[in-house]
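J.: Let me begin by handing over the structure; questions about it come next.
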Amino acid sequence: MPLARYRTFDRRITVSGTKYNRYASPQTTTGTAKHGETGTCADVVGNYETMSRVPAGRHRRRRRFKPNSLTIVKKRYVVGVLEGEYINPVTKLVDRRFSTYPVDFQPEPQSPLGVFPEPTQAQKEAYATKIMAATNPSAAHISVPTVLGELRELPDLVKDWGGDLLHKMAKGHLSWRWGIKPMIGEVRKLLDFQKAVEERVMMFKRLKHYGQVARRCSLGRDTVKQNLPRVAIQSNVGVVYCNRTVTYTQKVWGSAQYFCNSNTVLPSSRAEAINQAYVLTFGLTSYELLAAAWELLPWSWFVDWFAEVGSVIAANNNTINLTRKNVCLMRTVSSKTEYTRDTSVGDSWPKLVLSPSEEETRKLRYVNLPFEVPQMTLSTMALVEPKTWSILGSLAVLRRNKWAKRYLGY
């Protein structure tokens, strides 16, 4: 029976040091801090589903875990340590001293959710469409009809564009982003076609033996750096200032499971599996012709930017005739705060022998994403991506150019 549970851990160790002030009472005081990791985990156990098929004559487990919501939070603390002493030039006596003293400034890590917040319902729906398009066993590894259709446009992408430097830069940006770069990606896929075919053959084998297959895909990585205001990490006995830099990172990927149904027809031999794998890998199907027709329409990429038409077409490709479910979205977001000593202010005699830092990492899984009827609605994800504004800027530069007038109708 499914059981939700919540666990915590604390692997921090306590460190201590002393600070000395000849004019204070008491003169010597002890400071403590905790180095190490803490964490929490909220998950579900005991949630199984029965496998539809098990190979005859083999000992296989007949149950597998269902995907469940998951939240793991880890925090890591490194407290700065000071050493050094100040000798009064008049009395020749030690006035102040730090002995492996942990600094007084011990903040919590910056939350990565401030930069990479929880996805909204609309964003989850958009992610679900992308996951189904990328993991779909019926989707092509590389669409030969589309590549052949786009080859005729290659000379126009790389020839001299003419016009002033600003127009050249704008045209070059768009041509690289939407023409040359995708073409290079297609060539790389062509070089890897044999591996892709073998993966399809193994997929057919798993579908035949187990009646289901799980697939995953990458949905991108992002990094954002921020500079925080300078802070005094120690202001008693000695004054030490540091500049702070926070690096936020995000990794997103997805997964989905595909199941055989009563109408699924799988290859009966390895030769048939290899032949069908070639057909699917290169997109030599009637359904792929529809996808190619859409991709070859002028400025279809611009429509896809907002409406995800191409992803919806790829997601609904069901040449193998499988049933899909358990569409999941996974995210790993983190923040790391690093400190750099600022010697232009404060006292120079304390030595920062260990620089402080704080880290927070969150691993999140969202299950049962809506996917039954992908809607070609306006996507808000494109509007918040940093690369969006550079593309819009290039389009704005070309607004009065003949090239833009021809294709955009201005």
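The values are calculated or read from the model by the stated rules, or taken from the named source; none is laboratory data. These numbers come from a predicted model, not from an experiment. Because the Cβ atoms are built from the backbone with ideal geometry, glycine has one as well, and the counts that use them run over all protein chains shown.
J.: Go through (1) modelled with pLDDT of 85 or more; (2) buried (at least 18 other Cβ atoms within 10 Å of the Cβ) one by one and return the number of the condition Cys217 breaks.
T.: Cys217 satisfies every listed condition except (2).
Here's the yes/no breakdown for (1) touching a Leu at 6+ places or on another chain (Cβ under 8 Å); (2) within 30 Å of Gln212 (Cβ to Cβ); (3) part of a loop (DSSP other than H, G, I, E, B); (4) not aliphatic (A, V, I, L, M):
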| position | (1), (2), (3), (4) |
| --- | --- |
| Val73 | no, no, no, no |
| Tyr77 | no, no, no, yes |
| Thr91 | no, no, yes, yes |
| Asp95 | no, no, no, yes |
| Phe98 | yes, no, no, yes |
| Glu108 | no, no, yes, yes |
| Phe116 | no, no, yes, yes |
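J.: Which one is farthest from Trp349 (Cα to Cα), of the residues in the range 79-109 that are in contact with a Lys or Arg (Cβ under 6 Å, 6 or more places away or on another chain) and of a type in the set (Ser, Thr, Tyr)?
T.: Checked the range 79-109; the qualifying residue farthest from Trp349 (Cα to Cα) is Tyr101.
J.: For Ser357, all conditions in the list (1) closer than 18 Å to Ala122 by Cβ; (2) modelled with pLDDT of 95 or more; (3) not aliphatic (A, V, I, L, M) hold save one; what is the number of the exception?
T.: (1) is the only condition that Ser357 fails.
Yes or no, residue by residue, for (1) surrounded by fewer than 17 Cβ atoms within 10 Å (Cβ to Cβ); (2) aromatic (Phe, Trp, Tyr); (3) assigned to a helix (DSSP H, G or I); (4) modelled with pLDDT under 75:
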position	(1), (2), (3), (4)
Leu166	yes, no, yes, yes
Leu174	no, no, yes, yes
Gly185	yes, no, yes, yes
Gln194	yes, no, yes, yes
Lys205	yes, no, yes, no
Arg221	yes, no, no, no
Lys225	yes, no, no, no
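J.: Another one. Scan (1) farther than 26 Å from Thr245 by Cβ; (2) modelled with pLDDT of 95 or more; (3) within 28 Å of the chain's Cα centre (by Cα); (4) not acidic (Asp, Glu) for the single condition Lys19 breaks and write down its number.
T.: Single failed check for Lys19: (3).
J.: Among the residues of the range 368-376, are any over 25 Å from Ile72 (Cβ atoms), buried (at least 18 other Cβ atoms within 10 Å of the Cβ) and at pLDDT below 50?
T.: Checking the range 368-376: at least one residue is over 25 Å from Ile72 (Cβ atoms), buried (at least 18 other Cβ atoms within 10 Å of the Cβ) and at pLDDT below 50.
J.: What number of residues in the range 323-352 are closer than 15 Å to Gly254 by Cβ and among the basic types (Lys, Arg)?
T.: Number of matching residues: 3.
J.: Across the range 65-87, what is the number of residues that are farther than 21 Å from Val246 by Cβ and in contact (Cβ under 8 Å) with a residue 60 or more places away in the chain?
T.: 12
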